[in-house]
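A quick write-up on the structure given underneath.
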Amino acid sequence: MKTTSIQYAFIPALAGLLAVLPGSASGQGGDLAYSSGSTGADGALRIPEPMASRQGDSGAFDVARGEIVLFGGRSTSNGSVYFGDTWVRSTGRWVAKTPATAPAGRTDHAMAYDPVKQEVILFGGTNAASNYLSDMWKWDGTTWTLLAPATKPTARYGAAMTYDATRQRMVLFGGVDSTGTLNDTWLWNGTTWTKSAPASSPPARYQGGMTFNSATQLAVLFGGQNSSNQGLADTWIWNGTAWSQIVSAGTPPSGISRLVYDTNSQDLLLFTASSTSTWIFTAGGWNALGNGSLPGSASNYGMAVYDPVRQVTVLNAQGTTAVWNGGAWSGELDRNYQFDMTARASVIWNFTQIVIPSTVAVYFKKNAANTPVTWLASGHVIIDGTINLDGVAGMAGGPGSVGGAGGPGGFAGGNGGTYNGDLPPPYNGQPGDGPGGGAGGDSAVNLAGGTGAYRASYGNAYLQPLIGGSGGGGSAHYGGPSSYSDGGSGGGGGGAILLASSRDITISGSISAGGGSGGASNFYSGGAGSGGAIRLVADRVSGAGSINVGGSGRVRLEALQHTFTGSSSVQLVKAPPTGELVNPNGRLVVSQVAGTNVAQPPSGDTANPDVVFNSAGAITVTVTATNIANGTPVKLRITAAGQTINLPAAGQPAVTLAGGTASFSTIVPAGRGTIQASASFTVTAP
């Protein structure tokens, strides 16, 4: 079976000099003559500061609003700071709320959601003056309201609380008050607190984990610490009137605990502050999960809440938001902000201002056409944090060693060579994508994957139009079919960004578009992706930050005044603003392969090819151009079965556009591959 995957790359080159826009070098700090052309239609891009690192916070899932609610806690960097802030999470990032009223700052308070009243309940905790608290609040999605029941539990911190959905009661157990560590049980019916008097109770404790198991209709309590600050590792269940202990074959680590119920898998999920292990309660006992290690440190505990909408468990610990998807934890540092490019057809953003705080790193979700980032601003651009367009590193050698993705506008690395019993050897690595893609490792000649190239293969000093770096090649499979020597994949190429301002661009942080490293293998590694391209245009470019595109990318700074004194991985090209910012016109696509029309835009995904045909041999590839002059030479690059075919080959006549199309005939081997088209022509400055 012959399968071919199609992708395209439009790679024009710029020739000639561009016009310099008129302007004055006077008036430092004022508005100079340059204009980015931004309409300001997208408003200001002001990325919010992330939630401060904390411990002892608490949270609950607000079903009515479909979001996690977090309140308070104590700073992990300054223990005298107790937070009284409210945050919600529904889209993968914490968002600060500004309610008209709110509880005072505190830590180690209890929170749970009442689905009947559709409100989150908060009780107790301790404040910066080490006072135990007994105030009770409700959150309705907009503001906090103080509740004043006639009877309530004593002021305390470290109590465990959950909602008993069967009995429609909030259950609160233990904690520490002025008399010491407690083992009392209180029930809240939405109006009144009642102190329960069960025949037996768990030993006194604080910071135990408690949740409600919907499958068994029982509340479950685990662990915590006793009055001597010794960890406990016992499990108890509450049936609405009585406590009883469960003896489990497995025993999780003792101590301060967080416990949630996964309504999707119907498992109890447990972690303790003394360990990074994750445990689940199934078949009547606790079982450790081999792949359940928490990312980062769990020693400073925070809230743990199950999100039934997204079917994940969310844990906050020392500023790291850890997310459990049912099979593995992933760390989501909330200083990472993902800029979504997928919904913008024009791929150009028109901002008023751009502000990246020092505590934030901006990453990008690429669009289907894999365009570079184009941010225009009518006002100041301040980069105190990080803009990251790096290519992704290649995977280590092994079956399914897929090349690292390129940054926005950059190209993917080649897959590593893998033994395939369905195909005869050699099992070569795939070349990296992009015109300068690194060669795939060849098991007969050079097993290592080649490094992606940028400056040596394409691009120009003007960076107009803009394009990212090429991927590194995957290394070859080495040895016999039973050996563990599959090739590592290539790293992705760095992305590309055009950042233009009618005022100033100040870089105190960093902008990075480096290539991803190649994946390792037992013998030879995949090649690294090449660096991408960064173009900054403004009245003034200043700052002492850093600009990094690896060793093979390009950086161009265009300004009427240059005062940037920061570092760069390559020599900076500095010039006055030149010509147009964006060339929106020229487009080149692979439109037909072996008589089959290619859907646009093609995916270029070799796992799910855009075009499939049944035999190796001669094929015809048709390339269609829009807004590119007839007579323009076109080149084709085919990568398949670990080899690269460049058309026209050396010594062959050029293939040029006629009637808006160009055709190529060649012989392709069996296997999966990619096809890329490119053209070079002169762009005339306005």
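The values are calculated or read from the model by the stated rules, or taken from the named source; none is laboratory data. What you are looking at is a predicted structure, and each value in this text was computed from that prediction instead of being measured. Note that each Cβ is placed from the backbone with ideal geometry, even for glycine, and that neighbours are counted across all protein chains shown. Ligands, DNA and RNA are stripped out before the accessible areas are found, and what is left, the full protein with its side chains, is counted by its heavy atoms. Shrake-Rupley method; radii C 1.70, N 1.55, O 1.52, S 1.80 Å.
Each peptide in 502-511, 114-123 was scored by the mean count of other Cβ atoms within 10 Å over its residues; highest first, the order is 502-511, 114-123.
Could you please state how large a percent of the accessible area of the chain is carbon and sulfur, counting protein chains only and using a 1.4 Å probe? The partial results should precede the final answer.
Working: 13430 of 26580 Å².
That share works out to 51 percent.
From most to least packed by mean Cβ count within 10 Å, the peptides 30-42, 399-411 give 399-411, 30-42. Annotation: T282 carries an accessible surface of approximately 40 Å², with a 1.4 Å probe and no ligand, DNA or RNA atoms counted. Volume per residue of the convex hull around the Cα atoms, evaluated for region 329-374, comes out as 96 Å³. Roughly speaking, what % of Cα-Cα pairs in region 239-310 are separated by over 18 Å, rounded to a whole number? Of the Cα pairs, 44 percent sit more than 18 Å apart. Pair-distance distribution P(r) for region 100-230, from all Cα-Cα distances in 10 Å bins starting at 0: 13, 45, 34, 7, 0 percent.
Considering every alpha-carbon pair of region 483-563, the percent of pairs per 5 Å bin, from zero through the bin containing the longest distance, is 4, 15, 19, 17, 12, 10, 7, 6, 4, 3, 2, 0, 0. When region 66-194 is described by a simple charge dipole with +1 on each Lys and Arg Cβ and -1 on each Asp and Glu Cβ, the residue from T76, Y157, W188 located farthest towards its positive end is T76.
Placing unit charges on each Cβ (+1 for Lys and Arg, -1 for Asp and Glu) gives the chain a dipole about its Cα centre, and among P357, P577, V402 the Cα reaching farthest toward its positive end belongs to P577. For region 152-197, a crude dipole built from +1 on the beta carbon of Lys and Arg and -1 on the beta carbon of Asp and Glu, taken about the Cα centre, is about 120 debye to the nearest 20.
Give me the tail of P(r) for region 324-465 as a percent: Cα-Cα pairs with distance above 27 Å.
Values: 3983 of 10011 pairs.
So the pairs more than 27 Å apart make up 40 percent of the total in region 324-465.
Measuring only protein heavy atoms, the 1.4 Å probe finds D340 accessible over about 80 Å². Per-residue SASA remark: K365, around 90 Å² accessible (1.4 Å probe; ligands, DNA and RNA not included).
With N as its number of residues, the chain has a Cα radius of gyration that, divided by 2.2 N^0.38 Å, comes to 1.15.
To the nearest 20 debye, what charge dipole does the chain have about its Cα centre, counting +1 at the Cβ of each Lys and Arg and -1 at the Cβ of each Asp and Glu?
On the way: 34 positive and 34 negative charges, 97 e Å.
Computed charge dipole of the chain: roughly 460 debye.
Sorting 91-104, 226-239, 174-187 by their mean Cβ neighbour count within 10 Å, with the most densely packed peptide first, gives 174-187, 226-239, 91-104.
Quick one: compute a quarter of the convex hull surface over the Cα atoms of region 30-183 and quote it in nm².
On the way: hull surface 54.3 nm².
Computed as one quarter of the Cα hull surface, the answer is 13.6 nm².
When both bridge partners sit in the chain, DSSP labels roughly 70% of those beta bridges antiparallel. Remark: region 341-454 carries a charge dipole of roughly 320 debye about the Cα centre, counting +1 on each Lys and Arg Cβ and -1 on each Asp and Glu Cβ. By the gyration tensor of its Cα atoms, with a ≥ b ≥ c the square roots of the eigenvalues, what is the shape of region 109-170: rounded for a/c under 1.5, prolate for a/b over b/c, or oblate? Prolate is the answer for region 109-170, as a/c is 1.5 or above and a/b outweighs b/c. For region 300-359, just say rounded, prolate or oblate: build the C-alpha gyration tensor, square-root its eigenvalues into a ≥ b ≥ c, call rounded for a/c under 1.5, and beyond that prolate if a/b exceeds b/c, oblate if not. Cα axes put region 300-359 in the oblate bin. Using the 1.4 Å probe convention, the accessible area of the chain works out to 39 Å² per residue with neighbouring protein chains retained.
Note that region 46-90, at 20 °C in a medium of 1.002 mPa s, gets a Stokes-Einstein diffusion coefficient of 188 µm²/s from its Kirkwood radius over C-alpha pairs.
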